[in-house]
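The values are calculated or read from the model by the stated rules, or taken from the named source; none is laboratory data. Computed from a predicted model, the values in this text were never measured in an experiment. Methodologically, a virtual Cβ is constructed for each residue, glycine included, from the backbone with ideal geometry; neighbour enumeration extends over all protein chains shown.
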Amino acid sequence: MADNKKHNIVIVGGGASGLELATSLGRKLGKKGVAEITLIDATTTHIWKPLLHEVAAGTLDESEQVEYLAQAYRSHFRFRLGKMEGLDRGGKEIYVSPTVNDKGEELIPRRTFSYDTLVMAIGSVSNTFNIKGVAEYCLFLDTTSQAFKFQKELFESYLKSYIGKDTGTVKPLSIVIVGAGATGVELSAQLHEVTNVLAIYGLKETSNVKLTIIEAATQLLPALPDRLALATQQQLVKLGVDLKLGRRVTEVTKEGITTHDGEFIEADIKVWAAGIKAPDWLKNLDGLETNHINQLVVDSTLQTSDENIFAMGDCAACVWHGHKGNVPPRAQAAHQQATALAKTIANRLTGGPPVEFVYYDYGSLVSLGKYTTVGNLMGNLMGTVSIGGFIAKVVYLSLYKMHQIAIHGYFRTAMLTLSNVFRRSAYIKIKLH
């Protein structure tokens with residue numbers, strides 16, 4: 001900073017951690033003109049990833065989307081549309097691939113961005129475990145565009161299967177979800193709710209939908225205590241969801257899914273939610289150290305094997321001190337990492353020490369839409385407490401509000417919450433287009 005040159009901070013990935021970090025640094029450093037903060041993402045809007053199952057089901061209010069350009073203008077950072085494709089550590093540059101439209105026409109050429117500090121926050125993608133047919137025939141919920149694709153295919157499948165058909169002879173629309181973690185369980189509850197809402201709006205035939213969850217483990221929701229997992233399982237069975245636990249998928253075809261015991265399950269729509277990994281292109285990113293699922297290995301300050309490059313969120317492998325394994329890929333971890341890294345980067349500009357990241361696990365929550373919410377809260381004073389029903393729903397909602405406050409502030413978050421209350425009373429409960 002001796003020559004008054006602005007410190008160039010580049011953040012790749014506009015998920016929960018990336019957007020929170022860009023917003024925080026923009027308000028602290030960009031507004032003062034001491035640093036240039038650039039956020040790069042392959043899409044133009046942000047939706048909190050734990051809400052993607054609601055996008056897929058068509059039940060999420062579109063006002064929950066955050067426009068990157070608008071957020072950048074309000075928070076004093078720059079947004080650039082594009083997908084990172086390479087890194088030159090020696091020259092301190094990243095390469096962003098060309099942006100093309102649906103017709104294959106180039107809209108934005110290939111570009112190069114220089115950095116003094118680089119933060120990788122590109123999130124994760126589904127781990128197909130190289131199972132035959134998964135990539136070709138399954139839908140995924142890793143990105144907003146994938147969630148919207150799912151929603152479109154879901155509604156078109158409703159129309160194609162039922163409208164104008166003799167309901168007495170038409171077989172149920174079958175939707176199979178592979179993976180009984182939070183995403184799979186929450187999606188199944190949302191889809192059950194959607195079929196009932198469509199019936200209320202006049203598409204009564206759509207209530208004839210068969211929902212199935214396939215899980216390799218013998219119980220669902222491994223992050224929750226056994227008692228809560230069992231309670232969730234009982235609720236799903238009550239909703240009519242067919243649970244096939246202890247079944248490992250061996251092949252996926254256009255017609256359905258085959259499990260290791262030879263059972264074939266017919267499926268019109270197949271959703272893969274059975275594990276995550278970092279994108280494959282991180283494996284050979286100019287020598288940066290990665291683990292077996294492509295995550296960038298970081299130390300306790302979230303620094304990679306390069307002193308000028310940091311990583312956080314699902315794409316980072318950070319040891320969880322005092323526990324076995326790494327910090328879990330959760331929204332609360334991304335939020336805490338963004339807070340810690342904002343302090344570290346601010347200190348880099350003044351010669352201060354990096355901030356040690358310490359992960360505090362406040363528990364896990366799973367929402368089954370309007371039916372129930374279950375989870376456990378963890379704290380120093382009360383230990384581990386299991387909660388459910390209204391209290392759990394309020395706590396679940398508060399996690400999202402923390403993210404909104406980080407990017408919008410208290411007043412704007414309060415106004416958004418109030419406006420959504422009125423919108424829900426006037427607009428249709430699901431998206432039909």
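Pairing each residue of region 80-91 that is at positive phi and surrounded by 12 or more Cβ atoms within 10 Å (Cβ to Cβ) with any residue that is in a strand (DSSP E or B) and of a type in the set (S, T, N, Q), provided the two are 6+ apart or on different chains, yields C-beta distances under 8 Å for 82/97; 82/99. I'd like the residue in region 51-73 that is surrounded by fewer than 23 Cβ atoms within 10 Å (Cβ to Cβ) and of a type in the set (A, V, I, L, M) and, out of all such residues, is modelled with the lowest pLDDT. Out of the qualifying residues, it is 60. The condition of being out of contact with any Phe, Trp or Tyr (no Cβ under 6 Å at 6 or more places or on another chain), at pLDDT 85 or above, more than 15 Å from residue 272 (Cα to Cα) and not in a loop (DSSP other than H, G, I, E, B) does not hold for residue 157.
The residue of region 387-433 that is nearest to residue 337 (Cα to Cα), among those that are of a type in the set (S, T, N, Q) and at pLDDT 75 or above, is 404.
Test residue 171 against the criterion of being on the phi > 0 side of the Ramachandran plot and over 27 Å from the mean Cα position of the chain (by Cα), and give yes or no. Answer is no for this residue.
For (1) touching a helix residue (DSSP H, G or I) at 6+ places or on another chain (Cβ under 8 Å); (2) of a type in the set (S, T, N, Q); (3) closer than 29 Å to residue 367 by Cβ; (4) crowded, with 17+ Cβ neighbours inside 10 Å, each residue gets a yes or a no:
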{"residue": "240", "(1), (2), (3), (4)": "yes, no, yes, no"}
{"residue": "250", "(1), (2), (3), (4)": "no, yes, no, no"}
{"residue": "255", "(1), (2), (3), (4)": "no, no, no, no"}
{"residue": "262", "(1), (2), (3), (4)": "no, no, no, no"}
{"residue": "269", "(1), (2), (3), (4)": "yes, no, yes, yes"}
{"residue": "274", "(1), (2), (3), (4)": "yes, no, yes, yes"}
{"residue": "280", "(1), (2), (3), (4)": "no, no, no, no"}
{"residue": "283", "(1), (2), (3), (4)": "no, no, no, no"}
{"residue": "309", "(1), (2), (3), (4)": "no, no, no, yes"}
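Determine whether residue 150 is surrounded by 18 or more Cβ atoms within 10 Å (Cβ to Cβ), closer than 29 Å to residue 328 by Cα and out of contact with any Asp or Glu (no Cβ under 9 Å at 6 or more places or on another chain). When the stated conditions are applied, residue 150 passes them. Answer yes or no as to whether residue 163 is of a type in the set (Val, Ile, Thr) and modelled with pLDDT of 90 or more. So residue 163 does not fit the description; no. Filter region 73-106 down to the residues that are in a strand (DSSP E or B) and among the small types (Gly, Ala, Ser) and list them by number. Listed by number, the residues that qualify are 86, 97. The numbered conditions (1) closer than 30 Å to residue 193 by Cα; (2) touching a Ser or Thr at 6+ places or on another chain (Cβ under 8 Å); (3) polar (S, T, N, Q) are all true for residue 337 except (1).
So, restricting to strands (runs of 3 or more DSSP E) that lie completely within region 250-351, which ones have at least 3 residues that are closer than 20 Å to residue 52 by Cβ? Passing ranges, in order: 269-272.
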